[in-house]
1. Would the stretch 244-251 turn up any residue that is surrounded by fewer than 16 Cβ atoms within 10 Å (Cβ to Cβ), farther than 30 Å from ASP303 by Cα, touching a residue at least 60 places away in the same chain (Cβ under 8 Å) and not assigned by TED's automatic domain parsing to the domain that holds LYS105?
2. In the stretch 265-278, what residues are buried (at least 18 other Cβ atoms within 10 Å of the Cβ) and either within 16 Å of ligand 2 (Cβ to nearest atom) or farther than 28 Å from GLU404 by Cα (or both)?
3. Looking at the stretch 291-311, which of the residues that are part of a strand (DSSP E or B) and either open to solvent by less than 30 Å² (accessible area, probe 1.4 Å) or of a type outside the set (D, E, K, R) (or both) is nearest to ligand 1 (Cβ to nearest atom)?
4. Residue by residue through the stretch 90-134, note down the ones that are acidic (Asp, Glu) and away from ligand 2 (no atom under 16 Å from the Cβ).
5. Here is a list of conditions, (1) outside the structural domain of ILE67 (by TED's automatic domain parsing); (2) open to solvent by 10 Å² or more (accessible area, probe 1.4 Å), and ALA183 meets all of them except one; can you say which number that is?
6. Out of all the residues in the stretch 36-43, is one or more more than 12 Å from ligand 1 (Cβ to nearest atom) and open to solvent by 90 Å² or more (accessible area, probe 1.4 Å)?
7. For the stretch 192-211, give me each residue that is farther than 27 Å from ASP254 by Cα and within 9 Å of ligand 2 (Cβ to nearest atom).
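The values are calculated or read from the model by the stated rules, or taken from the named source; none is laboratory data. Remember, it's a predicted structure, so these values are computed and weren't measured experimentally. Because the Cβ atoms are built from the backbone with ideal geometry, glycine has one as well, and the counts that use them run over all protein chains shown. Each accessible area value is taken on the protein alone, full model and side chains, heavy atoms only, with ligands, DNA and RNA left out. Shrake-Rupley method; radii C 1.70, N 1.55, O 1.52, S 1.80 Å.
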Amino acid sequence: MKKVKIALLGLGNVGRGVWMILNSNKEEIMKRSGYEVEVSKILVRDLKKERGVEVPSELLTTDFNDIINDDSIKIVVEVMGGIEPAREYMLESMNKRKHIVTANKMLLATGGDELFQKADSQGVMFNYEASVAGGIPIINGINESLTANKIEKLYGIVNGTTNYILTKMEFENLSFNEALKQAQEMGYAETDPTSDIEGFDAQYKLAILSSLAFGTKIKVENVYREGISKIESIDIQYAREFKKVIKLLAIVKDNAGKLELRVHPTMIPENHPLANVYDSFNAVFIKGNAVGDLMFYGRGAGDLPTGSAVISDIVSILRSNIDIDNINTVVKNNLWDKELYNIEEVISKYYIRLTVEDRPGVLGEITSVFGSMNVGLLSVIQRGRDIENENKVTLVLVTHYTKEGNILNSIDSVCKLNSVYKINNIIRMEEFN
Ligand code: NAP
Ligand code: HSE
């Protein structure tokens with residue numbers, strides 16, 4: 001049996017998962033790859049940290065030179081995260097003709113070009129299956145299995161932390177912060193969970209997926225982004241009244257060559273397959289012009305699911321006879337230029353929750369503003385007073401399909417009414433038409 005030496009950069013959640021699978025599934029990996037995979041060095045910051053796995057202490061190092069200067073190490077697995085020094089370490093490794101496996105969506109989405117070009121010029125492989133949707137083989141799915149298709153639409157629940165939070169808020173009545181804390185304890189969240197809850201992580205992932213799916217280079221700043229931090233239990237309850245579920249959805253649609261790219265909380269019909277994706281599970285729903293509707297589903301975060309994707313990348317390098325460098329073809333070559341929509345041009349239905357003064361005539365004032373901006377209302381719900389003695393009530397509006405620009409203009413005007421205290425939330429609705 002041939003042996004290959006690899007190094008891990010990082011032994012946190014993902015690194016630990018990789019280590020555990022390499023040990024528990026050693027034989028399967030050996031048979032499938034034709035190699036015995038030996039981890040010969042692991043870069044960490046703190047040699048003394050309790051890791052929850054037994055790793056021989058001589059493998060741990062805080063000095064990257066121990067890896068870069070060891071010519072027997074053929075594959076570097078970057079699972080440390082962040083931009084620097086991860087970027088520099090990957091570039092240096094490729095300069096030494098080491099192949100790369102990474103789970104780093106932030107770096108890929110913001111500076112992937114430089115890394116792909118380096119992989120190209122050095123003739124090394126650069127694999128990143130774990131960067132999107134944890135254990136789901138979505139990168140390979142799009143890059144290889146769906147290449148016969150024009151992809152028309154892609155909808156993804158691609159962040160495990162936010163899906164976990166929304167699930168716990170709805171079914172276990174946990175507060176946002178309690179649910180986030182649990183997601184952190186489970187190893188789902190990023191080091192700075194702002195990336196999860198404000199939608200940055202999903203934005204990076206959508207930029208990567210749409211670059212692959214549409215053969216164009218998507219700049220991350222061109223993906224509209226909103227997170228879930230404004231979602232309250234009351235919005236989840238209203239959604240259920242409308243037979244909908246709130247998900248942080250990553251959406252891309254190709255409308256005759258023009259792309260609509262957005263990440264935001266979305267109310268979706270409760271009978272859609274994506275509505276039943278709970279917990280840290282992720283799913284990517286794709287409509288291809290040949291294959292039709294397709295859904296990838298699985299664990300989107302956590303040590304073992306992510307480790308599974310990382311190891312599939314290692315095995316794919318070992319099976320490739322090492323000199324194949326065409327794995328990233330779709331991203332590195334800009335095959336098609338695509339125009340992008342501004343968010344103001346997007347057409348959707350909207351759920352709008354407001355706190356307004358409880359007096360006759362207020363409803364009329366508000367609905368006539370929407371009417372004057374060409375926004376039709378599908379339903380209006382006003383319950384009894386929410387807060388006694390304060391003369392305030394909650395008003396919920398659901399609009400017909402309309403341009404986002406019209407909604408923004410209406411909200412601008414509604415905010416100026418003395419009878420409107422607060423716009424609590426605006427959530428787009430998707431019907432998958
Ligand atoms: P993590 O638990 O914070 O682990 C990071 C590891 O990298 C730690 O072992 C840390 O060392 C090491 N490290 C960080 N900076 C370092 C530096 N400058 N020098 C040496 N070592 C350094 O992170 P994680 O959750 O495993 O995530 C790792 C990467 O995978 C990120 O890019 C993340 O976005 C991505 N990812 C995560 C998941 C998930 O479910 N968690 C899923 C998919 C992708 P110490 O332990 O000594 O501090
Ligand atoms: N923080 C990420 C998530 C990890 O929750 O989805 C997986 O990429």
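1. no
2. Matches in the stretch 265-278: PRO265, LEU274, VAL277.
3. The residue in question is GLY298.
4. Of everything in the stretch 90-134, those that are acidic (Asp, Glu) and away from ligand 2 (no atom under 16 Å from the Cβ) turn out to be GLU92, ASP113, GLU114, ASP120.
5. (2)
6. Checked the stretch 36-43: no residue is more than 12 Å from ligand 1 (Cβ to nearest atom) and open to solvent by 90 Å² or more (accessible area, probe 1.4 Å).
7. Listed by number, the list holds a single entry, PRO193.
Okay, residues lined up against (1) among the hydrophobic types (A, V, I, L, M, F, W, C); (2) at pLDDT 95 or above:
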| residue | (1), (2) |
| --- | --- |
| THR147 | no, no |
| LYS153 | no, yes |
| VAL158 | yes, yes |
| THR162 | no, yes |
| ILE165 | yes, yes |
| GLU170 | no, yes |
| ASN177 | no, yes |
| LYS181 | no, yes |
| ALA189 | yes, yes |
